[in-house]
Amino acid sequence: ASSQCGYNRQVAMPKSKTEMTKLKTAMADVPGLVWLGARYLKDHWEWLDGSKICSYTFWDSGQPDLSKKDTTTLFLCANTKSGRWRVCPGYDKSLPVMCENTPASMPCPVGALDYTKDLNLTKTPAEGFSQFRGHCYYLSKGHEDCHQTCAQQINGVCDIVGQEEVARDLDNCKLAVQSFSEIGGAGTTSQAVSSSHTGCSYLDSGSKGVKSYQVLLETSAESSGSCGAASGSLQQHMVCACSDTSDLSFPDHYLFMEGDTAHISGDGYTQWPFFIELNAAYTEDCSVSVRSNPTSSRTYSSSSQASSQLGGSGWTAASNAMGEWMQIDLGKEQAVKGVITQGSGKTSIGVTSFTVVYSSDQRTWTTASPHGGGSSKVFPMDTSSAEIEEEFDSPISARYIRFLVQTWQKTVSMKAGVAICGSRKKSASLLAAAAERDEAVDRPGDDDEHGLRHDAGGGARYEAPGTSLKIKADPSKKTMGWCTGGDSTSWSCSEISIW
């Protein structure tokens, strides 16, 4: 059905009442039933673009009827007279197809390979790429895998999520091939087989006037999509999901966070990407605190006087009541050691105890505990003019600090600031380093056959067996990079600071 719609068109997917009304008008002169762009998958209906049918439906009476039918071959069709949806089983049911323009989307980069000269295709795709369910697909050369293909086509990396999507079943594999336009349609056979070599591929065996085209899906019990499976012949071309990484490079002085993965490729060596994964962690040094005393970015429950910064004239609530509050916005989330308070300097006037709640978003609030306060959440306060620092039981991470009045003498009034942790320390350790071509993630431990060599202090280097490239990371020196060279003693290395 999809192949009947042609270039820049797709099987109609009416996802709203307005779209269905327009479609009903368009198919009024067509007798009987027509195909729409959806099918049944295991336990739900899904549009051909991958989105589920849920918010809007237009089923006919007694539909969807899933009884006594092979639920692996159920598709969506519509009664042209009423527009109502029905279940139509079978791949070979000959019905007209309702088509619509393909909606505008983010374009995929045009691949660098020439499908006639580089891939020797006898039938040339109208598009240099296939855009299917949010992923960009390209065809490989014979005997090459998707790591190599993505590097050659767009200088990118293999998208494993896209690989799994296109290899989910034979229909997805066929639709992705057909999205190249001019291939995968009439005259193309399709087959799904079990194999240790997994993935979706397109076979073009046309030569000397005898042409044969096939969409092939190879899967195993352990895997469906794969980035490292190479095609088995010069006529077999893997359907490769590729991500363009040109706009995803880390900026200078980028601060690596926990779970970040860096893909490294050196000029002149882009046969496949490598990666280093670092475990980054912050530790707060709160042995020294820094006073934060902003004069603005303060709010109050009520106020008859509002100059609550340390050294100011003070905040006075409009009413003397428990629960009146003042709040300080630190501008960003910071490590906070405690709070600093200052009384009016007048005997028996002002707040004498309070609690502190903190938040990062002003929606979820947590109550802080005073250091050594046991189960009590209440902080005492002196009405003298001295600045007194009250530490929390442990440092907290917060942007908003709110002081809630508990007790007072004569007038609810006070001044306050915040004690910020003096410095942040960062440590990192190497979690993994591997060539994605090997499809292996190597963990710290003994040296192994994949080429990962571990150094003292958590550093490591990756020496790809049989190649002139290695990558390395040294958390103690805060660097990572790659090296190229001829032998083990003459490496030319480039390094970047990772924080």
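So, of the residues in the stretch 131-181 that are among the hydroxyl-bearing types (Ser, Thr, Tyr) and out of contact with any Asp or Glu (no Cβ under 7 Å at 6 or more places or on another chain), which turns out to be modelled with the lowest pLDDT? Break it down into steps so the answer makes sense when it comes.
First, pick out the residues of the stretch 131-181 that are among the hydroxyl-bearing types (Ser, Thr, Tyr): 137-138, 140, 149, 179, 181.
With out of contact with any Asp or Glu (no Cβ under 7 Å at 6 or more places or on another chain) added as a condition, the list becomes 137-138, 140, 149, 179.
Numbers: 137: 94, 138: 96, 140: 94, 149: 89, 179: 83.
Only one residue tops the list, namely 179.
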**Report entry** Every pair of residues 6+ apart whose Cβ atoms lie under 7 Å, when the first sits in the stretch 362-386 and is closer than 18 Å to residue 419 by Cα while the second is basic (Lys, Arg)
**Finding:** 367/377; 369/377
Query - Wholly within the stretch 77-166, strands (runs of 3 or more DSSP E) carrying at least 2 residues that are under 19 Å from residue 35 (Cβ atoms) and open to solvent by less than 10 Å² (accessible area, probe 1.4 Å) - result: 85-89
Report summary line: Per the filter on the stretch 111-137, residues touching a residue at least 24 places away in the same chain (Cβ under 8 Å) and more than 21 Å from residue 5 (Cα to Cα) are 111, 112, 113, 115, 119, 120, 121, 122
Query - Among (1) surrounded by 13 or more Cβ atoms within 10 Å (Cβ to Cβ); (2) closer than 25 Å to residue 287 by Cβ, the one test that residue 313 misses - result: (2)
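Of all residues being assigned to a strand (DSSP E or B), in contact with a strand residue (DSSP E or B) (Cβ under 6 Å, 6 or more places away or on another chain) and open to solvent by less than 40 Å² (accessible area, probe 1.4 Å) in the stretch 14-44, which is farthest from residue 133 (Cα to Cα)? Just the residue, please.
34
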Query raised in the report: So is residue 169 more than 26 Å from the chain's Cα centre (by Cα), open to solvent by less than 50 Å² (accessible area, probe 1.4 Å) and in contact (Cβ under 8 Å) with a residue 12 or more places away in the chain or not?
Result: no
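Rundown of residues vs (1) out of contact with any Phe, Trp or Tyr (no Cβ under 7 Å at 6 or more places or on another chain); (2) small (Gly, Ala, Ser); (3) over 17 Å from residue 227 (Cβ atoms), yes/no style:
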site: 109; (1), (2), (3): yes, no, yes
site: 115; (1), (2), (3): yes, no, yes
site: 118; (1), (2), (3): yes, no, yes
site: 124; (1), (2), (3): no, no, yes
site: 127; (1), (2), (3): no, no, yes
site: 140; (1), (2), (3): yes, yes, no
site: 176; (1), (2), (3): no, yes, no
site: 193; (1), (2), (3): yes, no, yes
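Can you name the residue in the stretch 20-60 that is among the charged types (D, E, K, R) and within 28 Å of the chain's Cα centre (by Cα) and is also modelled with the lowest pLDDT among such residues?
It comes out as 42.
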Requested in this report: Check off (1) open to solvent by 20 Å² or more (accessible area, probe 1.4 Å); (2) over 38 Å from the mean Cα position of the chain (by Cα); (3) at positive phi for residue 362 and give me the number that stays unchecked.
Outcome: (2)
Report summary line: The residue that is surrounded by the most Cβ atoms within 10 Å (Cβ to Cβ), considering only those in the stretch 182-193 that are at pLDDT 85 or above and farther than 24 Å from residue 159 by Cβ, is 188
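For every residue, the table says whether it meets (1) under 17 Å from residue 219 (Cβ atoms); (2) over 20 Å from the mean Cα position of the chain (by Cα); (3) not charged (D, E, K, R).
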| residue | (1), (2), (3) |
| --- | --- |
| 121 | no, yes, yes |
| 126 | no, yes, yes |
| 131 | no, no, yes |
| 157 | no, no, yes |
| 162 | yes, no, yes |
Query raised in the report: In the stretch 319-359, which residue that is farther than 14 Å from residue 411 by Cβ and among the basic types (Lys, Arg) is most open to solvent (accessible area, probe 1.4 Å)?
Result: 332
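The values are calculated or read from the model by the stated rules, or taken from the named source; none is laboratory data. All values derive from a computational prediction rather than experimental measurement. Heads up, the Cβs are rebuilt from the backbone with ideal geometry, glycines too, and the neighbour counts pull from every protein chain shown. These area figures cover heavy atoms from the full protein model, side chains too; ligands, DNA and RNA do not enter into them. Shrake-Rupley method; radii C 1.70, N 1.55, O 1.52, S 1.80 Å.
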